[in-house]
Amino acid sequence: MTITIYQLDRSRSERAVWLMEELGAAYDIEFFERLPVTMQAEPAYKALHPLGSSPVLGIDGTNIAESGAVIEYLATTQGGGALALGPTSPDYADYLYWFHFAESTMMPALVSEIMAGFAGIDPENQLRVYARQRIAQLLAFTDARLAAVPFFAGEQFTAADVMMTFPFTMTRQYVPVDVEGHPAIAAYVERMEARPAYQRCRAIVDRAPKGNA
Ligand SMILES: N[C@@H](CCC(=O)N[C@@H](CS)C(=O)NCC(=O)O)C(=O)O
């Protein structure tokens, strides 16, 4: 099986790189840039999938998208499934919950605030006030989880951590995410960023953009 990660600069596809580095699994990687000003993916990236959003994963020449599908596919088919929990695990429900919370609840709340900022909508607009209240609620909830257990699924590092770390790392470049005000999240992010596989991932995805190398 040939796995190709189509890595769009500063995007959710870095989760796939991190997961594969954690698993020590073989993959190909192709790099793509964002356009200036709009920050949209370059046309060659848009051509990989009808929705043109990141991540896109190539599996023997067939492309799939959506972070949850991409990470679940890799977690279950690569590295002997070492970072995926199944129904026999006592932590399975928590694993599923946090795995899906990342893109179903946390990221949409953050992205709505990012987009409102880009669009120049008044920060005191009622929708933005509500969005910030919602984000604060989600952060408090997440902080309470991480105050109780070392990893999102419980006692072991899993693909749920790969899904849930992104909102507190890359996303913070675009929207203030109050990690510092949430000590358990802050300590968790520090632990995740210290993982050798995460650091290998950063070295790969933060390389100089094409043409500027
Ligand atoms: N829920 C989707 C969201 C995908 C998404 O919005 N990706 C962003 C990057 S992180 C994107 O592709 N932006 C560039 C563009 O739309 O051109 C997923 O997780 O795959």
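Give the stretch 1-52 a look and list any residue that's of a type in the set (S, T, N, Q) and within 18 Å of Glu66 (Cα to Cα), or say none. Full working, then the answer.
So in the stretch 1-52, the residues of a type in the set (S, T, N, Q) come out as 2, 4, 7, 11, 13, 38, 40.
Scanning the stretch 1-52 gives Thr4, Gln7, Ser11, Ser13, Gln40.
Do you know which residues across the stretch 169-211 are of a type in the set (A, V, I, L, M), in a loop (DSSP other than H, G, I, E, B) and surrounded by fewer than 17 Cβ atoms within 10 Å (Cβ to Cβ)? Break it down stepwise before answering.
From the stretch 169-211, those of a type in the set (A, V, I, L, M) are 170, 175, 177, 179, 184-187, 189, 192, 194, 197, 203-205, 208; that's our starting set.
Still in the list and also in a loop (DSSP other than H, G, I, E, B): 175, 177, 179, 208.
Selection gives Ala208 alone.
In the set Ala44, Ala16, Ala75, which member is within 14 Å of the ligand (Cβ to nearest atom), outside any loop (DSSP other than H, G, I, E, B) and touching a helix residue (DSSP H, G or I) at 6+ places or on another chain (Cβ under 8 Å)?
Exactly one residue qualifies, and that residue is Ala16.
Looking at Ser104, Ser54, which one is at pLDDT 95 or above, among the polar types (S, T, N, Q), assigned by TED's automatic domain parsing to the domain that holds Glu22 and within 15 Å of the ligand (Cβ to nearest atom)? Can you show your working first?
Working: Ser104 fails: assigned by TED's automatic domain parsing to the domain that holds Glu22.
After applying the criteria, what remains is Ser54.
Quick check on this structure: which one of Thr105, Thr142 is within 18 Å of Val179 (Cβ to Cβ) and either without any contact (Cβ under 8 Å) to a residue 40 or more places away in the chain or aromatic (Phe, Trp, Tyr) (or both)? Walk me through it before giving the result.
On the way: Thr142 fails: either without any contact (Cβ under 8 Å) to a residue 40 or more places away in the chain or aromatic (Phe, Trp, Tyr) (or both).
The match here is Thr105.
Taking the conditions exactly as written (near the ligand (Cβ under 9 Å from one of its atoms), farther than 21 Å from Leu23 by Cα and not assigned by TED's automatic domain parsing to the domain that holds Pro167), does Glu66 satisfy them or not? Reasoning before the result, please.
Numbers: near the ligand (Cβ under 9 Å from one of its atoms): yes; farther than 21 Å from Leu23 by Cα: no; not assigned by TED's automatic domain parsing to the domain that holds Pro167: yes.
For Glu66, the condition - near the ligand (Cβ under 9 Å from one of its atoms), farther than 21 Å from Leu23 by Cα and not assigned by TED's automatic domain parsing to the domain that holds Pro167 - is not met.
Could you check the stretch 1-19 and list, in sequence order, the residues that are buried (at least 24 other Cβ atoms within 10 Å of the Cβ), aliphatic (A, V, I, L, M) and within 16 Å of Thr76 (Cβ to Cβ)?
Of everything in the stretch 1-19, those that are buried (at least 24 other Cβ atoms within 10 Å of the Cβ), aliphatic (A, V, I, L, M) and within 16 Å of Thr76 (Cβ to Cβ) turn out to be Ala16, Leu19.
The values are calculated or read from the model by the stated rules, or taken from the named source; none is laboratory data. Keep in mind it's a predicted model, so treat the numbers as computed, not measured. A quick note on method: Cβ atoms are made from the backbone with ideal geometry, for glycine too, and the neighbour counts reach across all protein chains shown.
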